[in-house]
Amino acid sequence: MTLPAVDDILEDLAFFDDWEERYKYIIDLGKALPVMCDALKTPERLVKGCQSNVWIEPRVEAGKLQFLADSDAVIVRGLVALVLAAYNDRAPAEILAFDIDGYFARLDLERHLSPTRGNGLRAMVARIKTLAAAAA
């Protein structure tokens, strides 16, 4: 998966003048995610607490966690991409140490999401941190 680095995403989003353009960018990030086959979209991989369906499949390679994730909603798929840009291909300790609240604050994201989308975003983060803690 080729997602931009966190700093590149922050820089790209700062370029846009309004949130409609930023949403389009976030949706485009989601389109860059690899497709998750239906066989992996199981209840065990489903993130609880998301308004839309979100599935996360972790894999460990060379001591780093890699995530395959998908959603059935285009904007949520974009939010998944924002989260994966921060966490994918990192050691469990790096994932647990990453300042996700600071990242979200710099994105100014949660202020522009509905409460249910914000809860879903937090549920994705919690799931990834749980997976990282288990892999540590």
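Readers should treat all values here as calculations from the given coordinates under stated rules, not as data from a laboratory. Treat the numbers as computed from the prediction; the structure is a model and nothing was measured. So basically every Cβ, Gly included, is an ideal-geometry build from the backbone, and we count neighbours across all protein chains shown.
GNM remark for the chain: springs join alpha carbons under 10 Å apart, and the peak mean-square fluctuation among 57, 21, 110 falls on 21. The magnitude of the dipole of the stretch 96-136, with charges of +1 and -1 set on the Cβ of Lys/Arg and Asp/Glu and taken from the Cα centre, is near 140 debye. Other residues whose C-beta falls under 10 angstrom from the C-beta of residue 4 contribute a net charge of -4, scoring Lys and Arg +1 and Asp and Glu -1.
As a proxy for reagent exposure, ranking 37, 50 by other Cβ atoms within 10 Å from fewest up yields 37, 50.
Ordering 27, 134, 68 by Cα displacement along the dipole of the stretch 6-135 toward the positive end leaves 134 in first place; charges were set at the Cβ atoms of Lys, Arg (+1) and Asp, Glu (-1).
Given R0 = 35 Å, the distance between the Cβ atoms of residue 46 and residue 2 translates into a calculated FRET efficiency of 0.85. Computed FRET efficiency, Cβ-Cβ of residue 123 and residue 59, R0 25 Å: what is it to the nearest 0.05? Once the sixth-power term is evaluated, E becomes 0.80. Over the Cα atoms of the chain, each weighted equally, I'd like the Debye log10 I(q)/I(0) at q = 0.10, 0.21 Å⁻¹, rounded to two decimals. For the chain at q = 0.10, 0.21 Å⁻¹, log10 I(q)/I(0) is -0.29, -1.41. When Lys and Arg each count +1 and Asp and Glu each count -1, what net charge do the other residues less than 15 Å away from residue 67, Cβ to Cβ, add up to? Net local charge, residue 67 excluded: +2. Can you compute the FRET efficiency between residue 136 and residue 99 using 1/(1 + (r/R0)^6), with r the Cβ-Cβ distance and R0 = 22 Å? Round to the nearest 0.05. Rounded to the nearest 0.05, the efficiency is 0.80. The rule of thumb for compact globular proteins, 2.2 N^0.38 Å, goes into the C-alpha radius of gyration of the stretch 1-66 1.37 times.
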